[in-house]
1. Taking amide hydrogens as modeled 1.01 Å from N in the peptide plane, which residues meet the under 5 Å criterion relative to Ile402, leaving out close sequence neighbours?
2. What residue among Gln352, His488, Ile173 has its Cα farthest toward the positive end of the dipole of the chain, where the charges are +1 on Lys, Arg and -1 on Asp, Glu, each on the Cβ?
3. Report, for region 325-465, the % of DSSP beta bridges that are antiparallel, rounded to 5.
4. Let me have the relative contact order for the chain, percent, based on Cα pairs under 8 Å that are six or more residues apart.
5. Here is the link list: Lys397/Lys447; Lys100/Lys518; Lys433/Lys518; Lys512/Lys541; Lys185/Lys209. Which ones come out longer than 27 Å on Cα distance?
6. Rounded to the nearest 5, what % of DSSP beta bridges with both residues in the chain are antiparallel?
7. Expressed as a whole number of Å, what is the distance separating the alpha-carbon centroids of region 1-29 and region 508-545?
8. Could you work out how far helix 504-516 tilts from the main Cα principal axis of the chain, as a 0 to 90 degree angle to the nearest 10?
Amino acid sequence: MHKSNRQILSKLIVFVKPMLPVMVIAIAMGTIGFLAAILIPVLGAQGVVHIMEGRTLRTIVIAMAACAVLRGVLRYAEQACNHYIAFRLLAHIRDLVFGKLRALSCAKLEGRDKGNFISLITSDVELLEVFYAHTISPVCIALLVSAICVAWQASMHGVLAFIALAGYATVGIGIPFWLSKTSAKAGKAFREQAGAQNAMVLESVRGMKELLWFQAANRRKEQILQSTKELASKEKKIKQGMAKGVSATNVCVIAFTVLTLLASMALARQGMVVSDVVLMAPMLMISSFGPVIALSNLGTGLAQTLGAGERLLDLLEEEAAMEEVEDGADAAFGSIAVENVDFAYGKERVLQNFSTQIPKNRILGIQGKSGCGKSTLLKLLMRMWDVDEGRILIDEKSIQGINTRSLRRHESYVAQETVLFHDSIARNLRIAKADASDEELVAACKKASIHDFIMSLPQGYDTPVAELGSSVSGGERQRLGLARAFLHDGDVLLLDEPTSNLDSLNEGAILKAVDENKAGKTIVLVSHRTSSLQFADTILKMEKT
């Protein structure tokens, strides 16, 4: 659902609440700093009057120097406070985003562009720095400084105050409002395109071998170039909007300054103001536009930020496919029953009125063609999704009433492709059990028949693994995944096509390891290969609905 700019800003500003005291300090220092900057040319105008009257400039020069020093110090302090706020909040928002990704679980994340998520977590969050460091306090500073300057002009004459108020409103409100109408959609479109391009580049890097082998690299390059052109086109629209904003702002600043000069001259001729005002009022007017000029760029400067903010808010507000249970029951994981289960991915029905029993401490083999729901059943047993109809019972308790931590603790899972992180082998294994001792690591790896291979490596268990495990073979990667599951030591071991991409030698090693370590475990082994199910006590054949 599309959000208005007001909705996005109001939701983003809520995050500032814990940092409000620092924000107040930043606003105070920024306001005083801008007033000091405004005083420098105003005092200069007063100095001209003093020269014309033959008076000394000593006091004015000292005051101007003091204002310059004060402006520099306060400007630095204001920016330091603003960036302290921004970077603390960005860290907090990244934590929220990562927590949300975890809460959404595999059910909502499966099939979505990983490159888009990378763009969301990195560059989109980074763009919020513009809002938190360069928007909130500048808006407040502009309001305070403008109010003070309008009052100052009013002390000289009401007409001058009216012109000042009109000028500040035009530059600080009118121009940003006009630009936001034209650039809001462009900002989000740019962020969406950037995310899509990140996904395309990531896929291309991962699939470079296939692209080169099938001579498709040039076609892929053309696709990336086309995507880059589309991205550049969207960015051009944003830049054009920014150029319009800068031009309109400069015209307005000059126009209102000239208008103030003409008005003060007219008032002086009529004797309604003293002659000093003819110099003071225009100088005050042109020098006081600094805070509101920053606002005039928000309509376009914030376009990408608002687009990024909307994407982040959409993610943070997305409802999870299933809520984690924290106040339910802890299961002992005896028998497992699947009763009359219906499940569909959107409109695609995968399971219909499906029932089965999984006996305790036995191996259940599940066989069937691709798309019949074998892997889906395992994910339902892990409660990555909730069933549409029917129920899943563990020890005669509904899986929806069992604590999520209990499910995670008692169920071990080996997927068709084991994911290894760019870290040491030991750290990759300890994902399953963070406090595992070295002895436990060795025991788990011996069970998975991978210990001897690890010890043959130069650094043993401290050997780094390349991203996604590309530095080890498929068989070694799967055996590391099995060792991870053995280290986790759940009562239920779920194996989802663990040998589908392996040769017969590696398949035999993995199945032998499972069979030798089946004692005290309930094992569900999914495979389309008959050879993989040779150790199963019972074989369930599933058909596509």
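1. Ala329
2. Value computed over the given set: Ile173.
3. 95 percent
4. Details: 823 pairs, mean separation 83.4, N = 545.
Result for the chain is 15 percent.
5. Lys397/Lys447; Lys100/Lys518; Lys185/Lys209, as the Cα separations exceed 27 Å there.
6. Roughly 45 percent of the beta bridges in the chain run antiparallel, per DSSP.
7. Measuring centre to centre over Cα atoms gives 55 Å.
8. Tilt relative to the chain: about 80 degrees.
Every number here is computed from the coordinates shown, using simple stated rules; none is lab data. All figures in this text were calculated on a predicted structure; none of them were measured in a lab. Counting neighbours? That spans all protein chains shown, and the Cβs are built from the backbone with ideal geometry, glycine included.
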